[in-house]
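Asks: Could you have a look at this structure, given as structure tokens, before my questions?
The values are calculated or read from the model by the stated rules, or taken from the named source; none is laboratory data. Predicted, not measured: the structure shown is a model, and the values here were computed from it. Methodologically, a virtual Cβ is constructed for each residue, glycine included, from the backbone with ideal geometry; neighbour enumeration extends over all protein chains shown.
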Amino acid sequence: MPEFVIGTGNQKSARNVVRMIEKHLLRTEGVPRTIRARAPGLLIIAERPEFKVEFNKFTFEFTDVNGQRTLVDPVVKQYTESCELAQENGCLRVSCPPSGAQPDDRSLEAVDKLSAVIRLPETWRAEGDNYRVDRISIEMLFQAMIQYKASDVHLSPGFTPVFRIDNDTRVSDLLGSLSAVQIRELIREVAPDEYWREFEEHKQSSFNFHQVGLGYARISCFIKSAAPHCTFRFLPEKIPSFEDLNIPRGPLEKLASLHRGLLLVTGMTGSGKSTTVASLVDWINSHQAGHILTIENPIEYVHVNKKSIISQRGLGVDVETFNAAVTGALRHDPDVIVIGEMRDPDTIRAAINAAATGHLVISTLHANTASEVVNRIVSFFDPIERDLVKLQLRDCVQCIICQRLVARIGGGRLPALEFMFPDIKAIRDGILAGDTDAIRIGMQQTVSHSILFEQYLHNLYKQGDITLEHARDTCTDESVFDQLNMGTYSVPRLDSIKHHFTA
């Protein structure tokens, strides 16, 4: 294990030094059964028989034999049965307790006495050893995620597995406290060779893993504080339907039936964007005869041919870049192109071009509301290009869905959806102007099929699915939700945004 330097200050006992080193190791390597602390002229080795007990066996090794013997001799004589003095290979060794003896209070007392007479250094070079090495059962992790209905599990040295359940992190004693050795071996076991090399070279990697009969996982591994960490995002083998996800079938089926244009599913990290996209793709796959081409990093939900032919390409394995994959997709006779994420100008430009040439393009983007998506996309481009991009978005966007998850009464979470359809002039003009406020006002007009978060959340609250508190916490504008709840809401006038700017 790697050696590190730690300053412990002026400590009166080697036992305190070892406790401080152990706390550091817990954050980087896990729980050790052996600790070695080295300083000029001195090595302290602390051992324990089990992971959950205090260190109770200490060995002091001195290189200055003559200088230290005069200090430690009186202590050894005082604790004859609790410590042992030996000299070999030019070193003076004091063991507490003696070799073969059981630790007791007297041997720990002798450690404190020795620490006092030798004056412990303030800075140490330390390392741990004898960590847990037993194999982590991947099948057990999957079974636990299913049993707990967890979306994720986090594995970190020094901690038991942490599961994310209904967006809360919860500790489980399923496997006990893990070590860096165990986590590193787990990553090596599940990572394809090219991703293992990427992890070793770049200190992070992300890939997909299939546990047959239980599900898939998007695995993200990375180094933090020189120690490996790993996160599993659970993905079921059976792709959930619209009903399974509690999202409205009618609007989603209409969107999945489109033959051209750009359909964006947006939201913050962990809001369920990828699952909604997978459900859309599965519906197309089940109801339409065509060619669906997906470009993902990594591939998450795994689709099989149903009524459509489906081709899933993984970034780094099947193609080098999103842009190259989208550009090349036009030569692969696709009807639907699914892009895992709009993340750079080249990919966005290629996606817009594909949507403009008669393909349905489905993708995701990080955004907090549907109305701000246009400016989020435009912000990727240089100012000289932005007007053209807004014009293209006005003409090719079919719908922008924004998604949030809200706690459900009785447990679990429900998706709250916001739909922005550019189906009236006010919204299209707002897109062209890059005016988020104008788009939001246009979305509230009764002639548009658009739906605000506040309206969707109000319906969930009226149906008794969510609490008033959670509804208000999840909405974008609490005042709009309160007006809907009190029956005083009125649709804002289209010219109100102009008055706002001229006031």
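Asks: Please go through the stretch 61-94 and pick out each residue that is among the aromatic types (F, W, Y) and closer than 13 Å to L108 by Cα. First the steps, then the outcome.
Replies: From the stretch 61-94, those among the aromatic types (F, W, Y) are 62, 79; that's our starting set.
Once the filter is applied, which keeps residues that are among the aromatic types (F, W, Y) and closer than 13 Å to L108 by Cα, the stretch 61-94 yields only Y79.
Asks: Oh, and also: Out of the residues in the stretch 130-187 meeting the condition of being under 21 Å from K224 (Cβ atoms) and acidic (D, E), tell me which one is surrounded by the most Cβ atoms within 10 Å (Cβ to Cβ).
Replies: If we take residues in the stretch 130-187 being under 21 Å from K224 (Cβ atoms) and acidic (D, E), then D152 is surrounded by the most Cβ atoms within 10 Å (Cβ to Cβ).
Asks: Before we move on, is E61 touching a strand residue (DSSP E or B) at 6+ places or on another chain (Cβ under 7 Å), of a type in the set (D, E) and under 26 Å from Q182 (Cα atoms)?
Replies: No: the conditions fail for E61.
Asks: Take W124 and decide whether it is in a helix (DSSP H, G or I) and surrounded by 16 or more Cβ atoms within 10 Å (Cβ to Cβ).
Replies: Considered against the rule, which asks whether it is in a helix (DSSP H, G or I) and surrounded by 16 or more Cβ atoms within 10 Å (Cβ to Cβ), W124 comes out as no.
Asks: Sort out for me the strands (runs of 3 or more DSSP E) sitting completely within the stretch 1-119 that have 2 or more residues that are within 44 Å of the chain's Cα centre (by Cα).
Replies: 4-7, 34-39, 42-47, 57-62
Asks: Let me ask you something else. For the stretch 255-269, indicate whether the set of residues that are surrounded by fewer than 22 Cβ atoms within 10 Å (Cβ to Cβ) and within 30 Å of P192 (Cα to Cα) is non-empty.
Replies: Looking through the stretch 255-269, at least one residue is surrounded by fewer than 22 Cβ atoms within 10 Å (Cβ to Cβ) and within 30 Å of P192 (Cα to Cα).
Asks: Every residue in the stretch 296-310 that is surrounded by 17 or more Cβ atoms within 10 Å (Cβ to Cβ) and either in contact with a Pro (Cβ under 9 Å, 6 or more places away or on another chain) or not charged (D, E, K, R) (or both), please.
Replies: N297, P298, I299, Y301, H303, S308, I310
Asks: Is there a residue being in contact with a Cys (Cβ under 9 Å, 6 or more places away or on another chain) and not in a helix (DSSP H, G or I) anywhere in the stretch 240-257?
Replies: no
Asks: Residues A416, A471: which one is assigned to a helix (DSSP H, G or I) and either touching a helix residue (DSSP H, G or I) at 6+ places or on another chain (Cβ under 9 Å) or surrounded by 19 or more Cβ atoms within 10 Å (Cβ to Cβ) (or both)?
Replies: Only one candidate qualifies: A471.
Asks: Looking at this structure, is D465 over 27 Å from C396 (Cβ atoms), assigned by TED's automatic domain parsing to the domain that holds V397, in contact with a strand residue (DSSP E or B) (Cβ under 7 Å, 6 or more places away or on another chain) and not hydrophobic (A, V, I, L, M, F, W, C)?
Replies: yes
Asks: If you don't mind, there's one more thing I want to ask. The conditions are (1) in a strand (DSSP E or B); (2) in the same structural domain as N375 (by TED's automatic domain parsing); (3) not hydrophobic (A, V, I, L, M, F, W, C), and R218 fails exactly one of them. Which is it?
Replies: For R218, the exception is condition (2).
Asks: Could you tell me whether I400 is free of Cβ contacts under 8 Å to residues at least 40 places away in the same chain and buried (at least 21 other Cβ atoms within 10 Å of the Cβ)?
Replies: Taking the combined requirement at face value, the residue does not satisfy it.
Asks: Take L293 and decide whether it is in the same structural domain as I401 (by TED's automatic domain parsing) and assigned to a strand (DSSP E or B).
Replies: Here the answer is yes, as L293 does meet what is asked.
Asks: For residues that are touching a Cys at 6+ places or on another chain (Cβ under 6 Å) and aromatic (F, W, Y), scanning just the stretch 420-459, find the one that is surrounded by the most Cβ atoms within 10 Å (Cβ to Cβ).
Replies: Checked the stretch 420-459; the qualifying residue surrounded by the most Cβ atoms within 10 Å (Cβ to Cβ) is F453.
Asks: What do you reckon, is S99 touching a residue at least 12 places away in the same chain (Cβ under 8 Å), exposed (fewer than 14 other Cβ atoms within 10 Å of the Cβ), over 30 Å from F234 (Cα atoms) and not acidic (D, E)?
Replies: yes
Asks: Please give the number of the condition K52 fails out of (1) within 26 Å of S179 (Cβ to Cβ); (2) in contact (Cβ under 8 Å) with a residue 24 or more places away in the chain.
Replies: Of everything listed in (1) within 26 Å of S179 (Cβ to Cβ); (2) in contact (Cβ under 8 Å) with a residue 24 or more places away in the chain, K52 misses just condition (2).
Asks: Could you figure out which of (1) hydrophobic (A, V, I, L, M, F, W, C); (2) at pLDDT below 95; (3) farther than 22 Å from K273 by Cα isn't true of I431?
Replies: Only one criterion in (1) hydrophobic (A, V, I, L, M, F, W, C); (2) at pLDDT below 95; (3) farther than 22 Å from K273 by Cα is unmet by I431, namely (2).
Asks: Which residue is nearest to V65 (Cα to Cα), if the candidates are limited to the stretch 81-90 and must be at pLDDT 90 or above and surrounded by fewer than 15 Cβ atoms within 10 Å (Cβ to Cβ)?
Replies: Taking the candidates together, the pick is A86.
Asks: On the given criteria, is N285 under 28 Å from E243 (Cα atoms), surrounded by fewer than 18 Cβ atoms within 10 Å (Cβ to Cβ), modelled with pLDDT of 90 or more and in the same structural domain as R394 (by TED's automatic domain parsing)?
Replies: no
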